Structure formats: C-alpha cells, structure tokens
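Inspection log for the structure reproduced underneath, given as structure tokens.
The values are calculated or read from the model by the stated rules, or taken from the named source; none is laboratory data. If you're wondering where the values come from, they're calculated on a predicted model, not measured in any experiment. Neighbour counts run over all protein chains shown; Cβ positions are idealised from the backbone, glycine included.
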Amino acid sequence: MSFKVVYTAASPGADLGEKLLDPLDVTLVKGLWRTEDEILSQARDADAIIGILSVQPFNRRVLGELVNCRIVSSISVGFEAIDLEAASEYGIVATNVPDYCIDEVSGLTITFMLALGHKLLQADRAVKERQVSFTTVGREALTEVLDPMFRMRGQTLGIVGLGRIGTATALKARGLGIRVIAYDPYVLGAVMESRGVAPVDLDTLLRESDFISTHTPLTPETSSMFGYEEFKKMKPTCYFINTARGQCVDQPALIRALQEGLISGAGIDVTVDEPISPDNPLIKMPNVILTGHSAWYSATADREHYYKPMMQVIGALKGEWPLYALNLDAKEKWLEKWGKKG
Ligand code: NAD
C-alpha cells in the first residue's frame, strides 16, 4: 500500500528522520506552510501529516477537508492550535511529543534562577567593561551591581503548574537546597508532597516566593494568568521566570512591573511576540535574560522532537494506535477504520 505523508513544518537542514520511512512505500511532501489554505493545498489528500500543533491552524475546517488523513502528528509539546473535538469526530488521531525536552527546559529554568540570583550578567558586564575585582579595588564597584544578593540555599521557588517540566524543575531545585512550593489545581496535595513540594494556593505562592516559575499549558484559564495585580503581590526581590508560553503572561504588565521595581528581574524564554520585536522594552533591561524560545533545545532533544513524531506516523500507517495520542476518545472509531486487522 502506498501513502502520502505531508510535513507542513519542515525546517530546512534539519534531520527530520526521513530515513525511517524507507521500509514503507511513502511519498513525502515537505515544506513550511502556515495558513489553512496553504496547508490544505498540500495536504488535502494526505494519509498522515506532521506539523506544529501549537501554531498551525488544524481547526474544524481544515480537519474536515482532509479526506484520507488518519494522523496529525506534532513536533511540539503544545497543541493549542488543533481542534481535538473535531479531530475525534473526523476519526483523526492527533499526537504531540510530551517528553523530548523535559531535561532541557527544567535545566534552563534552574539556569535562569542561578544566573538571576547570582546577578551573573551584571557581574560579567562590570568585569568586562570596568575590569573590577572583588579581591582588590573593585569591591564597591561590584557590590553596587550585585547587592542585594542572597544565599540560594533556603530560598523559595514557587512553581505554577507541577506537570512534567514543573516536577523536573522542582527535583533539580531541591538538590540545590531550595524550598519548593507549588500551585496546581489539578495535582493532588499528597502527590506534590511525595515530590518534596509543598502545595499552596496561588496567592501564597505569589507572596512567599523568591523565584516564581510558570509551567502551565496555554489554556483560556492560564492566558494572561500573570497580570499587574499578580506582580504587585510578589516580593520586590522576586525573580519571575517564564519558559511556558508568552501568552500566559500579560506582557505589558510584566514590563510595567519591571519598570516600577515590583520585581527584581526576569528570565524570559517565551514572549507574546516571537521573534521579539526590536522595540520591546524587555530587550534593554539589564535585569532581564531573554533566550528566544530556545529552552527546549539540545542536540538530543532536537533529534527526538523530529524522530518521535515520525515514529508516531509510521506506527499509525501500519494500523497501530499511537503512544502519544491526545484525543483518546477517537480510539475505538480509529481502530475500527485504520487498525491492524488480524
Ligand atoms: P504538562 O502538561 O506536563 O504540565 C502542565 C501542568 O500545568 C499540569 O500539571 C497541569 O495540571 C497544570 N495546570 C494546568 N492549568 C493550570 C492552572 N490554571 N494553574 C496551575 N497549573 C495548571 O506540561 P509540560 O510538558 O510540563 O509543559 C509545560 C509548559 O512548557 C507548556 O506550556 C509547554 O508548552 C511549555 N514548553 C515550552 C518549551 C520551550 O521551549 N520554551 C518546551 C516544551 C514545553
């Protein structure tokens, strides 16, 4: 049997794992298509699609016009741009890759904490620009940029969203002697405690934390979850970290909070404008570290985030229900139509 697989988000030069398709009779069509019409013009008759379900519009209209499609497989963790209800109705299974960069994102979160807490960038700049040293004549010059500075051990990290990345971050932070508290209405307090994390309500987390890191998905509930009122409740010495989604934060409110000194600084991987616009005030703030949505990146994660979606597609073309299925309610109908017989 021959198949058509369409890759709607093929980054030029990336190893997409095309070789994995060799044992099957597959025609692979690849490119970078963003709009509904662009996607449909390439993929209307596809048996399988690989794309980015956090941004590409796999809405009811698009899904309804895919006449042969059995799987839409995402190379991202987030899947806010696909209508899962419609996918199930049309018998299409959607998948993501939930586990390819847990270590990377939690690692960057800890890096943000340490770099912000140790004022790493400020010290680096002072030494390079003014050749100051704490041991000789530079004490005053350095304390000017470093104070106030606190011992990391014993500081409190407040995690919002104790899922995969939030939990990995908590475990790493505990290894540094940091007290971890978390707010997540969907995780039982006893489960949090078993991970060495104290469950708290959001208000307590905002008021007590020295570092606040958000790790929720982007949903109507979490959209702009951090606004001016939330920043006002934080300690003026608090650092805010966002590696989740830019839209989880009211960006103008974050900028205002930093300008008014409501918080001490921020580590921001994700912004509402990506790439960040040149006139975004965050760019000029010395107490803000920006990493341009690279939190997920390592050579290992890069390979996994291309190979795993490809493996989901290969399995589905063979009639196997995928491991990373998002719309579990589609399973029965899907197996009836596409499942391996006998
Ligand atoms: P996850 O689904 O494992 O965990 C999310 C957690 O958030 C869950 O425990 C859920 O209960 C909780 N949550 C949901 N709504 C909440 C709310 N209103 N308040 C508090 N908690 C809430 O997700 P994950 O894999 O840990 O990913 C976390 C975030 O990181 C997602 O937004 C994802 O898109 C993002 N991410 C970013 C990058 C990057 O490169 N920057 C890479 C991977 C993932």
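A compact table of results
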quantity: Pairs with Cβ under 6 Å, 6+ apart, first in region 231-251 and more than 18 Å from residue 55 (Cβ to Cβ) and charged (D, E, K, R), second in a loop (DSSP other than H, G, I, E, B) and within 16 Å of the ligand (Cβ to nearest atom); calculated: 250/224; 250/227
quantity: Unique residue being closer than 12 Å to residue 282 by Cβ, surrounded by 22 or more Cβ atoms within 10 Å (Cβ to Cβ) and hydrophobic (A, V, I, L, M, F, W, C) when the list is 257, 244; calculated: 257
quantity: Region 98-111, subset β-branched (Val, Ile, Thr) and more than 9 Å from the ligand (Cβ to nearest atom), residue surrounded by the most Cβ atoms within 10 Å (Cβ to Cβ); calculated: 109
quantity: So residue 73, is it under 22 Å from residue 13 (Cα atoms), of a type outside the set (Val, Ile, Thr) and part of a strand (DSSP E or B); calculated: yes
quantity: Verdict on residue 274 being part of a helix (DSSP H, G or I), more than 19 Å from residue 174 (Cα to Cα) and within 13 Å of the ligand (Cβ to nearest atom); calculated: no
quantity: Residue match in region 55-63 (condition: closer than 19 Å to residue 306 by Cα and in contact (Cβ under 8 Å) with a residue 40 or more places away in the chain); calculated: yes
quantity: Filter result (farther than 18 Å from residue 215 by Cβ and either polar (S, T, N, Q) or within 14 Å of the ligand (Cβ to nearest atom) (or both)) within region 255-271; calculated: 259, 264
quantity: Within region 80-116, considering residues that are in a helix (DSSP H, G or I) and in contact with a Phe, Trp or Tyr (Cβ under 7 Å, 6 or more places away or on another chain), the one nearest to residue 245 (Cα to Cα); calculated: 105
quantity: Among (1) away from the ligand (no atom under 16 Å from the Cβ); (2) part of a loop (DSSP other than H, G, I, E, B); (3) touching a helix residue (DSSP H, G or I) at 6+ places or on another chain (Cβ under 9 Å); (4) among the aliphatic types (A, V, I, L, M) - the single one residue 137 does not satisfy; calculated: (3)
quantity: The listed residue being touching a residue at least 60 places away in the same chain (Cβ under 8 Å) and over 20 Å from residue 327 (Cβ atoms), out of 37, 15, 47; calculated: 15
quantity: Within region 269-288, considering residues that are polar (S, T, N, Q) and in contact with a strand residue (DSSP E or B) (Cβ under 8 Å, 6 or more places away or on another chain), the one farthest from residue 238 (Cα to Cα); calculated: 271
quantity: Unique match (being over 29 Å from residue 220 (Cβ atoms), of a type in the set (Phe, Trp, Tyr) and at pLDDT 95 or above) among 134, 150; calculated: 150
quantity: Looking only at region 225-236, and only at residues there that are assigned to a loop (DSSP other than H, G, I, E, B) and surrounded by fewer than 16 Cβ atoms within 10 Å (Cβ to Cβ), the one that is farthest from the ligand (Cβ to nearest atom); calculated: 236
quantity: Index of the failed condition, residue 148 passing every other in (1) part of a helix (DSSP H, G or I); (2) more than 16 Å from the ligand (Cβ to nearest atom); (3) under 30 Å from residue 245 (Cα atoms); calculated: (1)
quantity: Hits in region 152-182 - residues which are small (Gly, Ala, Ser), touching a residue at least 40 places away in the same chain (Cβ under 8 Å) and within 13 Å of the ligand (Cβ to nearest atom); calculated: 158, 161, 163, 166, 168
quantity: Unique residue being buried (at least 16 other Cβ atoms within 10 Å of the Cβ) and either over 15 Å from the mean Cα position of the chain (by Cα) or of a type in the set (S, T, N, Q) (or both) when the list is 86, 81; calculated: 86
quantity: In region 53-80, the residues that are within 15 Å of the ligand (Cβ to nearest atom), modelled with pLDDT of 95 or more and small (Gly, Ala, Ser); calculated: 74
quantity: All positions within region 289-313 that are within 16 Å of the ligand (Cβ to nearest atom), among the aliphatic types (A, V, I, L, M) and touching a strand residue (DSSP E or B) at 6+ places or on another chain (Cβ under 8 Å); calculated: 289, 290
quantity: Selected residue (criterion: nearest to residue 116 (Cα to Cα)) from residues of region 194-214 that are among the charged types (D, E, K, R) and within 15 Å of the ligand (Cβ to nearest atom); calculated: 203
